[in-house]
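Trainee: One structure coming up, written as structure tokens, with questions to follow.
The values are calculated or read from the model by the stated rules, or taken from the named source; none is laboratory data. This one's a predicted model, so the numbers in the text were calculated from it and none came from an experiment. As a convention, Cβ positions derive from the backbone with ideal geometry for all residues, glycine included, and neighbour counts pool all protein chains shown. Remember, those area values only see protein heavy atoms, side chains included, never the ligands or the DNA or RNA. Shrake-Rupley method; radii C 1.70, N 1.55, O 1.52, S 1.80 Å.
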Amino acid sequence: MNVLNKICAENENVHIKDKDEVGKKIAALINGGKDSLQVISDFDMTLSRYSYNNKRCPSCHGVLETSADLLPRETIDKLKVLKNRYYPLETDPTLTIKEKIPLMIQWWEGNHKLMEESGISYDGIRKAVSTSGAMMRDGHEEFFKDLNDMDIPLLIFSAGLGDVLNEIIRQRSNFYPNMKVVANFMKFDDKGVMCGFQGNLIHTFNKNESALENSSYFEQVASRKNVIILGDSMGDLRMADGLKDIDTCLKIGYLNAEVDDWLEEYKNKWDIVLVEDSTLGVAQTVLSSVLDTHV
């Protein structure tokens, strides 16, 4: 049984528009071997879980937004108002990405301003993560370990809070040397209190710009011309824009909710679409096929 047939047979939640094209891409990844491969992944609701036991798991922002031990109730209420206003717009299938971008900037800037005014400490972030419902997708241990053991770079490209993201990985998984995180990282003063953010704002739909800004990383991995992209948003499709020369790019997209509204659009943009899948099983199957052939 070839790899694509195996994926389809073992996962009833897999949707693929063009199986011939996807089969060719997987074959190219296998032929290229581990030394030609790199992985670029979103974090929130991609490496982390969307839900558990029918309850939503928090994003990196959500970990802090719901932490009564870290933020004043007034701030939590204001953050909730922002989310209730802008999240439906982020996921609205009738709006174009161009229309969504200024709205996302308003949301992220409003959110970050409230956090900056709240006197957040790194120790507080660590405690907020430890008591949160943030979870990694099933299979993360094997996936991360195999990538690290075979020296395959993993770029985690997130519009979330980098400090929270790092803590989730450290507390819920393992942070390996092959991992590089690009996200919204906080700045802290000499007393360990948050005093702003580093670099330019990263939101859901400007990862292409952020990719170009991280050109030094992409130069380091330029010899790896085969890429697996993992994401859950249309904005994640642009995470590899910083790579100047790609031979094969396999795009695996998670469709976590609003399936009826988005399935056809996702099938048009992503090579493999995983509907309400809580695992990294498909990505692991593809990775294992590369490693098993070139050990």
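Trainee: Regarding R172, is this residue among the basic types (K, R) and either under 25 Å from T279 (Cβ atoms) or modelled with pLDDT under 95 (or both)?
Mentor: For R172, the condition - among the basic types (K, R) and either under 25 Å from T279 (Cβ atoms) or modelled with pLDDT under 95 (or both) - is met.
Trainee: Of the residues K34, K25, which single one is open to solvent by less than 40 Å² (accessible area, probe 1.4 Å), over 16 Å from M135 (Cα atoms), of a type in the set (D, E, K, R) and within 22 Å of the chain's Cα centre (by Cα)?
Mentor: Among K34, K25, only K25 is open to solvent by less than 40 Å² (accessible area, probe 1.4 Å), over 16 Å from M135 (Cα atoms), of a type in the set (D, E, K, R) and within 22 Å of the chain's Cα centre (by Cα).
Trainee: Condition test on D245, is it open to solvent by 10 Å² or more (accessible area, probe 1.4 Å) and outside any strand (DSSP E or B)?
Mentor: Yes; evaluated as a whole, the condition is true for this residue.
Trainee: While we're looking at this one, here's another question. Among (1) under 27 Å from R49 (Cβ atoms); (2) not in a strand (DSSP E or B), where does V273 come up short?
Mentor: Answer for V273: the failing condition is (2).
Trainee: Can you list the helices (runs of 4 or more DSSP H) found entirely within the stretch 101-182 that contain at least 1 residues being in contact with an Asp or Glu (Cβ under 9 Å, 6 or more places away or on another chain) and touching a residue at least 24 places away in the same chain (Cβ under 8 Å)?
Mentor: Numbers: elements: 122-130, 140-149, 162-172.
The qualifying helices (runs of 4 or more DSSP H) are 122-130, 162-172.
Trainee: Further, regarding this structure: Taking the stretch 81-100 on its own, how many of its residues are outside any loop (DSSP other than H, G, I, E, B) and in contact with a Lys or Arg (Cβ under 9 Å, 6 or more places away or on another chain)?
Mentor: 2
Trainee: Next up: Answer yes if at least one residue in the stretch 252-269 is in contact with a Lys or Arg (Cβ under 7 Å, 6 or more places away or on another chain), under 26 Å from E142 (Cβ atoms) and in contact (Cβ under 8 Å) with a residue 60 or more places away in the chain, and no otherwise.
Mentor: No - not one qualifying residue is present in the stretch 252-269.
Trainee: Which number in (1) within 18 Å of G253 (Cβ to Cβ); (2) in contact (Cβ under 8 Å) with a residue 24 or more places away in the chain; (3) surrounded by fewer than 16 Cβ atoms within 10 Å (Cβ to Cβ) marks the one condition that Y50 misses?
Mentor: Condition (3) is where Y50 drops out.
Trainee: Ok, one more. Could you list, in sequence order, the residues of the stretch 9-22 that are modelled with pLDDT under 90, under 24 Å from the mean Cα position of the chain (by Cα) and under 18 Å from L287 (Cα atoms)?
Mentor: To start, the set of residues in the stretch 9-22 that are modelled with pLDDT under 90 comprises 9-12.
Those left that are additionally under 24 Å from the mean Cα position of the chain (by Cα): 10-12.
Across the stretch 9-22, the qualifying residues are E10, N11.
Trainee: Quick check on my filter: what residues within the stretch 156-167 are within 24 Å of E90 (Cα to Cα) and either of a type outside the set (D, E, K, R) or open to solvent by less than 10 Å² (accessible area, probe 1.4 Å) (or both)?
Mentor: Result: I156, F157, S158, A159, G160, L161, G162, V164, L165.
Trainee: Report whether or not I40 is open to solvent by less than 60 Å² (accessible area, probe 1.4 Å), touching a residue at least 24 places away in the same chain (Cβ under 8 Å) and either charged (D, E, K, R) or in a strand (DSSP E or B) (or both).
Mentor: So I40 passes the test.
Condition check ((1) among the polar types (S, T, N, Q); (2) touching a helix residue (DSSP H, G or I) at 6+ places or on another chain (Cβ under 7 Å); (3) open to solvent by 10 Å² or more (accessible area, probe 1.4 Å)) across all residues:
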residue: F143; (1), (2), (3): no, yes, no
residue: R172; (1), (2), (3): no, no, yes
residue: P177; (1), (2), (3): no, yes, yes
residue: D189; (1), (2), (3): no, no, yes
residue: Q220; (1), (2), (3): yes, no, yes
residue: V227; (1), (2), (3): no, no, no
residue: D241; (1), (2), (3): no, yes, yes
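Trainee: In the stretch 58-78, which residue that is open to solvent by less than 20 Å² (accessible area, probe 1.4 Å) and assigned to a loop (DSSP other than H, G, I, E, B) is nearest to K113 (Cα to Cα)?
Mentor: Only one residue tops the list, namely L71.
Trainee: Moving on. Out of R126, R73, R85, which single residue is under 28 Å from F188 (Cβ atoms) and modelled with pLDDT of 95 or more?
Mentor: Among R126, R73, R85, only R126 is under 28 Å from F188 (Cβ atoms) and modelled with pLDDT of 95 or more.
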